[in-house]
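Below: one structure, written as structure tokens.
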Amino acid sequence: MKKFIEIFTDGACSGNPGPGGWGAVLRFGAREKELCGGEEDTTNNRMELTAVIEALSALKEPCKVKLTTDSKYVCDAILKGWVYSWQNNGWRKADKKPALNVDLWEKLLPLLTTHEVEFCWVKGHAGHRENERCDALAVAFYKNLQK
């Protein structure tokens, strides 16, 4: 039986593009682990995706995961199947324009076959405790980059 892990993620950017950060909280039972990182020149969507990738990559074995994020970009791309259409169409969107962040989607898709992931969307900056915690990790990281 696979372990059940809760993951909460968020990305943040000062300017878009600009310095950005990502944060994640992984919970297994009563144990929690925080992860964060960032880049000097990035976008908010790249940081949202990176948070998900890094959190899933931190798992040491295939798990059942409930992943909560405030990113409609990430949730809609997965839950509405857009990313699979982009991939099947040579990383082109329905309007024939190139899909964005292909390098990150190519890292995420194999993780979604390794782990059984349920994506859950929450409204950002609305008092969701773990989402606020992830946002604080992300913002602190990119602010540290600006020093």
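Only the coordinates and a few stated rules stand behind these numbers; no lab work does. Computed from a predicted structure; not experimentally measured. Positions of Cβ are backbone-derived with ideal geometry, glycine not excepted, and every protein chain shown enters the neighbour counts.
Annotations for the structure displayed:
- Working note: Karplus 6.51/-1.76/1.60 with θ = phi - 60° gives region 108-119 the couplings 6, 4, x, 5, 6, 8, 6, 10, 8, 10, 9, 8 Hz, where Gly and Pro are set to x.
- Scalar couplings 3J(HN,Hα) for region 134-147, obtained by applying the Karplus form with A = 6.51, B = -1.76, C = 1.60 to θ = phi - 60°, are 5, 4, 4, 4, 5, 5, 4, 5, 6, 5, 5, 5, 7, 7 Hz; x denotes Gly and Pro.
- Residues whose amide H falls under 5 Å from that of residue 68, counting only those 5 or more places apart or on a different chain, are 7, 8, 9, 120, with hydrogens built in the peptide plane.
- With each label modelled as a point 7 angstrom along the Cα→C-beta vector, the residue 85-residue 116 pair spans 2.8 nm.
- Across region 59-147, the convex hull enclosing all Cα atoms gives 140 Å³ per residue.
- Violating pairs (Cα-Cα greater than 24 angstrom) within the set 107/143; 107/147; 33/143; 33/60: 107/143; 107/147
- Applying the Karplus relation 6.51 cos²θ - 1.76 cosθ + 1.60 with θ = phi - 60° to region 14-26 yields 3J(HN,Hα) values of 9, x, 8, x, x, x, x, x, 9, x, 8, 10, 10 Hz, where x marks Gly and Pro.
- Potential lengthening of the chain between residue 76 and residue 30 amounts to 13.6 nm, from the contour at 0.36 nm per residue minus the alpha-carbon distance.
- Orientation-averaged projection of region 7-78 equals 4.8 nm² [convex hull of Cα atoms, one quarter of hull surface area].
- Mean residue ellipticity (222 nm) of the chain, computed from DSSP H runs ≥ 4 via -39,500 (n - 2.57), nearest 500: -12500 deg cm²/dmol
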